[in-house]
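What follows is a single structure, written as structure tokens, with notes after it.
The values are calculated or read from the model by the stated rules, or taken from the named source; none is laboratory data. Only a predicted model underlies this, so the values are computations on that prediction, with no experimental measurement involved. Neighbour counts run over all protein chains shown; Cβ positions are idealised from the backbone, glycine included.
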Amino acid sequence: MSHFSRRNFLRSSAAGSAVLTFGGLAPSALQAAAEQSTSERILVVIELQGGNDGLNTVIPVGDETYRKLRPKLAIAKDDSLEISDGLAFHSSLRGFADLLEAGRLAIIQGVGYPDPNRSHFESMDIWHTCQRKNENRTDGWLGRLLEQSADTAGGDPTALHLGHDKQPFALMSRRVRVPSIRSLEQFRLQGTEDAQFRKAVQDLTDARRGDNNDLLNFVQSSTSSAISASERLSSSVKSYSSGIAYPKNGLGEQLQTVAKLISSGLKTSVYYVTLNGFDTHSQQPDAHAGLLRQLGDSVKAFLDDIDHLKQSDRVALMCFSEFGRRVEENASAGTDHGTAGPMFMAGTAVKSGLIGQLPSLNNLQEGDLRHHTDFRQVYAAVIEDWLQCEAEPILHDKFAAVDVFANHSSGM
């Protein structure tokens, strides 16, 4: 390999106009990710931070105990959207109601875990790591999923976190680094518009044949992959066109970004976004209604967009919160930390409708709903039936997958 090519490449890559970064991470993040992937299927995760009030999301409108324990917060039947069997959506969840009617939404009721913890941080760590003991929490379930995968992502990151929040522990891995980005502008690779820089990379590619310098090979391959992903993204985003009107809110913007990234051809398997504000200890009605409207409308727009992009058969969306709220309202027109609540899976691949029963309001555990479905059973379904990986090494135990996907094939 010529010294000129090396110097030319290294000098170009060090130039101020050629900063290699995906959300502030060096190309090594992409190189690590390039060694792992799941499949062509995509999982989009929405985390509802703070503890969503499941009883005022999927409402037992015909249950007198519900009205007795929530004299101020109970949602009237006339102010709800009927599901079936005495259950209804909050009226702000029109987007979810439309998805359910279209056969694209599964409502998994009574999800939680044994001996529940009502601390936000502790419970969220349990959901993120599937571990009860602090000393065992070295990585997240999605991080382990990325490590278990045997395919490659062609140089693209296998997972992406979008938003201003700290990266979720669920994505933590000892071997695979996941980029966090706030916007598509952050994701764009600075410097790739420089023809001299791109030529230097190509020169290094041509010259490295037969070269045994592992360091230079690594730098070249990771940089070349990063440039390819950035240029493909830039070209595709410019051509992105959708007649779908997303709501003007944070979640809608994040999900539209995900749709653009999917349309760009990135081989990313997992996208992770969050919606904050569900810790409704006081004055809950208006705040909760606004959050549910943002959730339902944004998810509906996203799935409509994915359908428009002809990607529906590849995308499944999962929505969860670290716990539900207590059954009885408090003195501040709000609800305190509880336990079990509903999870949602959306997309054309899910078995639409209700899965499991609403836990009894007359058989509470210290004022809280008793869960009947472990959240790791839902994870098992996502891992095995959707992403086609082995769940037990990722979840550190064997869990029977919830039958939530249309082509259910557990037993890996």
- prompt: Looking at (1) within 27 Å of TRP141 (Cα to Cα); (2) of a type in the set (D, E, K, R); (3) touching a Ser or Thr at 6+ places or on another chain (Cβ under 6 Å), which is the only condition LYS300 fails?
  reply: (3)
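Could you count how many residues in region 236-266 are basic (Lys, Arg) and over 18 Å from SER183 (Cα atoms)?
0
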message: Looking at TRP127 and the list (1) under 20 Å from ALA316 (Cα atoms); (2) modelled with pLDDT under 95; (3) assigned to a helix (DSSP H, G or I), which single condition is not satisfied?
response: (2)
- request: Of all residues in region 34-90, count the ones that are at pLDDT below 95, among the polar types (S, T, N, Q) and farther than 23 Å from VAL350 by Cα.
  value: 1
query: Can you find a residue in region 156-164 that is part of a loop (DSSP other than H, G, I, E, B), loosely packed, with under 15 Cβ neighbours inside 10 Å, within 20 Å of the chain's Cα centre (by Cα) and not aromatic (Phe, Trp, Tyr)?
result: yes
- line: Checked region 77-119 for anything charged (D, E, K, R), buried (at least 16 other Cβ atoms within 10 Å of the Cβ) and within 18 Å of LEU291 (Cα to Cα); matches are ARG94, ASP98
- request: Considering only region 386-409, state which residues are under 18 Å from LEU146 (Cβ atoms) and without any contact (Cβ under 8 Å) to a residue 40 or more places away in the chain.
  value: ALA391, GLU392
message: Just to be sure I understand, how many residues within region 311-360 are surrounded by fewer than 24 Cβ atoms within 10 Å (Cβ to Cβ), among the polar types (S, T, N, Q), assigned to a loop (DSSP other than H, G, I, E, B) and in contact (Cβ under 8 Å) with a residue 12 or more places away in the chain?
response: 6
Test set (1) modelled with pLDDT of 90 or more; (2) more than 14 Å from the chain's Cα centre (by Cα); (3) closer than 22 Å to GLU253 by Cβ - PRO168 fails condition number: (2)
statement: In region 48-76, anything among the acidic types (Asp, Glu) and surrounded by fewer than 23 Cβ atoms within 10 Å (Cβ to Cβ) is listed as ASP63, GLU64
